[in-house]
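Note sheet for the following structure.
The values are calculated or read from the model by the stated rules, or taken from the named source; none is laboratory data. None of these values were measured; they are calculated from a predicted model. Cβ: placed from backbone, ideal geometry, glycine included. Neighbour counts: every protein chain shown.
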Amino acid sequence: MKHAVITGGGGGLGQALLGAFSTPGWDVVAPGRQELDVTASECVQSYFQMRRVDLLVCNAGITRDSLLSRLQEPEWDQVLSVNYHGALRCAEAALPAMVKQGGGHIVFISSYSAIHPPLGQVAYAAAKAALLGLTQDLASRYGPHGIRVNAILPGFLETKMTAPVSEKRRGEVLAHHSLGRFNTVSEVAAFIRFLEENLPHTSGQIFQLDSR
């Protein structure tokens, strides 16, 4: 039996991942913020203590979109605390057990904004970009222990997080997709399952899944 933890389990991608891995041979949990507040170190340490984790998907994320000149320091802190520090906290909490058991896989959910930040997403883009450096650092450091670390840039997904995006902005984003369509959460979840089960020698990689 393999064990998976998917943070941000209440969101659209979290639920899709829960469905993709809820099959024989897997024990999977997808805690929401009430069960696992990734901004609280004590909560994270307590959650992962004595818990076997073969796959950790760091999916929890928020946006606080605003122009740099209007973004207040508390908003910066909140975005970084969830999107970057939250992922780092969970990885740090899961890694000791992965080292002890001789293997594991960490997947960070980053964003296309990390490499091509749009106007008004400075904090989100900065946090997601930091995950790319973290991916390669941890992959290098923990590869000798049999631990893989990869990052996913899923592209624009129809989720609660993107629900406030205007139709005009959706059209602008879609216009840059050569295939003329967005990914779905189920397709992204299926890719992560494929990465976990069919690419056992792949680590330190950044996978952009859309058609931009």
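Is region 76-88 home to any residue that is touching a residue at least 12 places away in the same chain (Cβ under 8 Å), out of contact with any helix residue (DSSP H, G or I) (no Cβ under 6 Å at 6 or more places or on another chain) and among the acidic types (Asp, Glu)?
No, region 76-88 contains no residue that is touching a residue at least 12 places away in the same chain (Cβ under 8 Å), out of contact with any helix residue (DSSP H, G or I) (no Cβ under 6 Å at 6 or more places or on another chain) and among the acidic types (Asp, Glu).
Under 8 Å between Cβ atoms, at least 6 apart or on separate chains: pull out the pairs that start in region 19-30 with a residue that is within 18 Å of Glu187 (Cα to Cα) and end on any residue that is of a type in the set (D, E, K, R) and at pLDDT 95 or above.
Ala20/Arg193; Phe21/Arg193
Conditions (1) buried (at least 23 other Cβ atoms within 10 Å of the Cβ); (2) over 17 Å from Leu134 (Cβ atoms); (3) modelled with pLDDT under 90; (4) of a type outside the set (Asp, Glu), marked per residue:
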residue: Gly19; (1), (2), (3), (4): no, yes, no, yes
residue: Thr63; (1), (2), (3), (4): no, yes, yes, yes
residue: Gln72; (1), (2), (3), (4): no, yes, yes, yes
residue: Gln78; (1), (2), (3), (4): no, yes, yes, yes
residue: Asn83; (1), (2), (3), (4): yes, no, no, yes
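On the phi > 0 side of the Ramachandran plot, buried (at least 23 other Cβ atoms within 10 Å of the Cβ) and either of a type in the set (A, V, I, L, M, F, W, C) or touching a residue at least 24 places away in the same chain (Cβ under 8 Å) (or both): does that describe Gly8?
For Gly8, the condition - on the phi > 0 side of the Ramachandran plot, buried (at least 23 other Cβ atoms within 10 Å of the Cβ) and either of a type in the set (A, V, I, L, M, F, W, C) or touching a residue at least 24 places away in the same chain (Cβ under 8 Å) (or both) - is met.
Given the residues Arg33, Arg52, which is the only one that is farther than 28 Å from Gln78 by Cα and either part of a loop (DSSP other than H, G, I, E, B) or of a type outside the set (S, T, N, Q) (or both)?
Every option except Arg52 fails the conditions.
Restricting to region 92-114, count the residues that are without any contact (Cβ under 8 Å) to a residue 60 or more places away in the chain and surrounded by fewer than 24 Cβ atoms within 10 Å (Cβ to Cβ).
13
Out of the residues in region 108-156 meeting the condition of being more than 21 Å from Asp54 (Cβ to Cβ) and in a strand (DSSP E or B), tell me which one is farthest from the chain's Cα centre (by Cα).
So, considering only residues that are more than 21 Å from Asp54 (Cβ to Cβ) and in a strand (DSSP E or B), the one farthest from the chain's Cα centre (by Cα) is Gln121.
When both residues are 6+ apart or on different chains and their Cβ atoms are under 6 Å apart, which pairs have a first residue that lies in region 191-212 and is on the phi > 0 side of the Ramachandran plot, and a second that is at pLDDT 95 or above?
Gly204/Gln136; Gly204/Ala139
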